[in-house]
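Notes for the one structure printed next.
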Amino acid sequence: MEKISPPLKLPEDSVVHYYDPNDTFLYFESFAPFLDIEESLKLIKEHFEILADYTYCDIAVAGFLPIVIDWNLAKRIYITGDEYKWNWSELLLKNTQTLNLNIYYVDNDYRKYRLRFDLFNERYQKICKNLYNFNNKFKYSDLEECFIYQWKLLRIAPSFIEVEITTQMNVHPLIYPYKENYVMMNRDQFIKILDDLNEFGIRKSMHLSFAGAGDPLLHQDFGFFLEASIKSGLFEVIYIETFGDNLTEDKVKILEKYNDYLILIIKIPTLSESLYEELMGKNVLGQIKENLKKIPETLKVYAEILRIKQVEEELDLFFDFFKNTSIQPIIGKYNSYGDLLPDFRAIDLEPFEKDYCRNLMFSLFITSDFRVPICRQDIACKFSNFFLKEYTIKQIYENLYKYHINFINKKYDEIIPICSVCKDWYVFLG
Ligand code: SF4
């Protein structure tokens with residue numbers, strides 16, 4: 001390795017002309033205080049030995065190793081605008097046939113935890129500070145101990161907050177949770193949620209989801225909730241899950257105003273009118289298709305079909321339907337919420353060993369009647385739960401830690417009754 005270019009502020013038009021052809025780039029998504037020098041040198045050496053274009057380690061947690069990029073790859077990247085964003089994943093996906101991609105291996109594989117140890121956002125800055133105070137020479141090999149004994153250093157705040165602002169919906173589905181009584185969260189309750197979340201002291205480091213057993217677009221104060229959430233500065237991304245039949249022009253206008261933050265997920269279990277009626281209790285598919293035509297390209301919209309037995313044959317058709325649109329089709333995993341819904345799963349993807357539940361660690365579900373169950377799988381709040389009027393979210397989140405210990409010790413029955421048979425612990429949210 002002759003020369004490694006420093007991470008300079010790059011010129012507006014292009015990176016190409018300013019570097020020597022012998023350059024090799026080390027790319028970091030963020031500042032990495034725990035960079036493992038020893039392991040990084042091995043990775044860089046391997047990159048040169050096998051003449052790779054791009055060497056990365058998809059096993060290691062972010063923050064310990066760099067990505068190494070050859071000049072030949074870097075020169076394909078043109079950067080415009082004031083900020084440069086190196087969208088490597090997109091570039092690599094488009095060029096997998098022509099590039100020599102090298103995956104570097106380390107022991108152990110911690111991907112399931114979906115954490116990072118760099119200064120990517122305020123959550124990880126706080127976690128890095130905790131780790132540094134714990135051991136200022138922290139190395140990748142020290143992580144194992146951390147994931148066994150030091151979870152309190154890592155579990156500093158929830159990362160995925162799902163709020164059911166209403167239980168109202170225009171359909172009566174078989175395949176999604178349905179609550180008989182319509183309950184609407186009020187503005188004061190929602191503001192308390194934001195105030196409580198603010199207590200964790202991390203900004204732009206949580207994901208908010210307007211979902212649950214209702215269609216958030218049916219709440220008359222939806223615009224208020226959305227605006228308050230964005231103004232709070234707490235969230236990196238806001239998801240909105242809707243059935244799409246109420247995606248009227250005025251709703252679209254509200255969404256467009258905040259499109260930098262939003263991801264809209266439209267739940268469309270089938271494109272067949274008769275099957276839609278069978279699965280959703282009412283046929284509003286015609287209305288949904290009309291609404292889809294009016295969605296502006298600026299909105300990030302996903303159309304989600306579920307992997308259930310009834311639509312296995314339809315998956316290709318579903319993807320074809322959205323081919324020339326800005327809407328991205330996706331396949332969602334069917335969730336029966338324990339025994340709340342029939343088991344319509346087409347396939348069982350549950351990993352062999354039930355060893356870590358991210359839902360329990362980092363997700364919180366808040367019902368429209370202001371309750372927080374132990375786990376979001378108890379969407380109907382049938383089991384033990386907390387009334388948010390009596391506690392802060394921080395108190396609840398701290399209290400829930402003991403269930404994580406139960407999970408590690410495989411005492412599922414001491415969490416909630418459906419825990420031992422739950423197949424949704426590996427579904428990652430936020
Ligand atoms: S295993 Fe399932 S029921 Fe148990 S805590 Fe995790 S998501 Fe909840």
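Structure notes:
- Qualifying positions in the range 132-182 - of a type in the set (Lys, Arg) and over 27 Å from Ile308 (Cα atoms): Lys137, Lys139, Lys152, Arg155
- Test: residue in the range 190-202 that is in contact with a helix residue (DSSP H, G or I) (Cβ under 7 Å, 6 or more places away or on another chain), under 21 Å from Ile266 (Cα atoms) and assigned by TED's automatic domain parsing to the domain that holds Arg371: no
- Every residue from the range 355-374 that is in contact (Cβ under 8 Å) with a residue 24 or more places away in the chain, closer than 25 Å to Ile191 by Cβ and of a type outside the set (Asp, Glu): Phe362, Ser363, Leu364, Phe365, Ile366, Thr367, Ser368, Phe370, Val372, Pro373, Ile374
- Qualifying residues in the range 360-371 (those that are more than 16 Å from Glu414 (Cα to Cα) and within 13 Å of the ligand (Cβ to nearest atom)) - the one surrounded by the fewest Cβ atoms within 10 Å (Cβ to Cβ): Ser363
- Residues of the range 55-85 satisfying the condition of being over 27 Å from Leu154 (Cα atoms), surrounded by 18 or more Cβ atoms within 10 Å (Cβ to Cβ) and either at pLDDT 90 or above or charged (D, E, K, R) (or both): Thr55, Val68, Asp70
- Test result for His207, part of a strand (DSSP E or B) and either modelled with pLDDT of 95 or more or among the acidic types (Asp, Glu) (or both): yes
- Looking only at residues of the range 229-261 that are part of a helix (DSSP H, G or I) and in contact (Cβ under 8 Å) with a residue 40 or more places away in the chain, we find that the one that is farthest from the chain's Cα centre (by Cα) is Glu249.
- Test: residue in the range 268-279 that is surrounded by fewer than 20 Cβ atoms within 10 Å (Cβ to Cβ), in the same structural domain as Leu349 (by TED's automatic domain parsing), acidic (Asp, Glu) and within 26 Å of Asn324 (Cβ to Cβ): yes
- All positions within the range 159-189 that are of a type outside the set (A, V, I, L, M), assigned to a loop (DSSP other than H, G, I, E, B) and surrounded by fewer than 22 Cβ atoms within 10 Å (Cβ to Cβ): Ser159, Gln168, Asn170, His172, Pro173, Pro177, Tyr178, Lys179, Glu180, Asn181, Tyr182, Asn186
- Considering only residues in the range 410-430 that are assigned to a loop (DSSP other than H, G, I, E, B) and of a type in the set (A, V, I, L, M), the one that is farthest from the ligand (Cβ to nearest atom) turns out to be Leu429.
- Filter result for Asp339 (within 13 Å of the ligand (Cβ to nearest atom), free of Cβ contacts under 8 Å to residues at least 40 places away in the same chain and of a type in the set (Asp, Glu)): no
- Every condition in (1) more than 18 Å from Asp196 (Cα to Cα); (2) more than 20 Å from the chain's Cα centre (by Cα) holds for Lys333 except the one numbered (2).
- Hits in the range 111-126 (condition: crowded, with 18+ Cβ neighbours inside 10 Å and in contact with a helix residue (DSSP H, G or I) (Cβ under 9 Å, 6 or more places away or on another chain)): Leu115, Arg116, Phe117, Asp118, Leu119
- From the list Phe407, Phe352, the lone residue that is within 9 Å of the ligand (Cβ to nearest atom), free of Cβ contacts under 8 Å to residues at least 60 places away in the same chain and in the same structural domain as Leu306 (by TED's automatic domain parsing) is Phe407.
- Scanning the range 368-380 for residues that are touching a strand residue (DSSP E or B) at 6+ places or on another chain (Cβ under 6 Å), at pLDDT 95 or above and not polar (S, T, N, Q) gives Arg371, Val372, Pro373.
- Residue selected from the range 373-404 under the condition basic (Lys, Arg) and more than 20 Å from the chain's Cα centre (by Cα), by the criterion farthest from the ligand (Cβ to nearest atom): Lys389
- The residues in the range 346-367 that are in contact with a strand residue (DSSP E or B) (Cβ under 7 Å, 6 or more places away or on another chain) and not hydroxyl-bearing (Ser, Thr, Tyr) can be counted, and the count is 5.
- Single unsatisfied condition, Phe344 versus (1) within 16 Å of the ligand (Cβ to nearest atom); (2) aromatic (Phe, Trp, Tyr); (3) over 29 Å from Ile193 (Cα atoms): (1)
- The one condition in (1) surrounded by fewer than 19 Cβ atoms within 10 Å (Cβ to Cβ); (2) free of Cβ contacts under 8 Å to residues at least 12 places away in the same chain that Tyr302 fails to fulfil: (2)
Yes/no matrix, rows are residues, columns are (1) within 19 Å of the chain's Cα centre (by Cα); (2) closer than 14 Å to Phe64 by Cβ; (3) basic (Lys, Arg):
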{"residue": "Phe117", "(1), (2), (3)": "yes, yes, no"}
{"residue": "Ile127", "(1), (2), (3)": "yes, yes, no"}
{"residue": "Leu131", "(1), (2), (3)": "no, yes, no"}
{"residue": "Lys137", "(1), (2), (3)": "no, yes, yes"}
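The values are calculated or read from the model by the stated rules, or taken from the named source; none is laboratory data. Everything numeric in this text was worked out from a predicted model, so none of it was measured. Note: ideal-geometry Cβ built from the backbone for every residue, glycine included; neighbour counts use all protein chains shown.
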